[in-house]
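Have a look at the structure below, then the notes.
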């Protein structure tokens, strides 16, 4: 991965709680964050005494490199949000500027924690579908804004391989959102659910309280039956 291809955009613990319908009991589990990027989720849960390991290819870069890249792409992302504002719900988040403040707060908190987290092994440079974790090493794996969102860019086979790997390393997997960047339900979702069910997993859709991208109201929940 080259730094010029990284588009950092971080989310907070509060957003993770809403996106994945996380309870306080969930936050006490051994959690794996898939593609967390510059989210403050790991930093915030760790500060509360929880256990989170986040993996992402962008953790190959230093804090200063990521800080520089955030500053570089932030104006472009904000312009895109404003241009496509009709694709979002402006209820709990009231404006494009409000989104920007929330994201920068999360990314600043991540950057403040990043070097410490790297030393502690909480931020791991890795990517699906091959993870260097033991079978069932985690109670819960959370995949935010990667699988299914990038349906046009990531093949059905890659989706299935990625979900299988998450199911190998975690007892339960939750994936959000299930709609593509274009705002339509992911065409890969039915085939992935059918394949996992055939392999002995419980695969179901569950509602979540998070509301921002229109149509993104459910997560995929996977457990070994």
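Every number in this text was worked out from the coordinates using simple rules, so none of it is lab data. This structure is a prediction, so every number in the text was calculated from the model and none was measured. Methodologically, a virtual Cβ is constructed for each residue, glycine included, from the backbone with ideal geometry; neighbour enumeration extends over all protein chains shown.
Numbers for the structure displayed
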read-out	value
Fully extended contour minus Cα-Cα distance, from residue 120 to residue 73, at 0.36 nm per residue	14.1 nm
Highest-first arrangement of 214-223, 70-79, where packing means the average Cβ count within 10 Å	214-223, 70-79
Part-to-part distance (alpha-carbon centres) for region 35-51 and region 58-91, which is given in Å	19 Å
Packing-based ranking, highest mean first, of 32-38, 118-124 given that Cβ atoms within 10 Å are counted	32-38, 118-124
Beta bridge orientation in the chain: antiparallel %, DSSP, nearest 5	45 percent
Burial ranking of peptide ranges 198-208, 3-13 (average Cβ count within 10 Å, highest at the top)	3-13, 198-208
Stretch gain in nm, segment residue 213-residue 1, where the contour uses 0.36 nm per residue and the Cα spacing is subtracted	73.6 nm
Contour minus Cα-Cα distance for residue 205 and residue 156 (0.36 nm per residue)	15.8 nm
For region 3-224: span of alpha carbons on each principal axis (Å, largest first)	45, 41, 34
Approximate spin-label separation residue 104-residue 224, in nm, with each point projected 7 Å along Cα-to-Cβ	4.6 nm
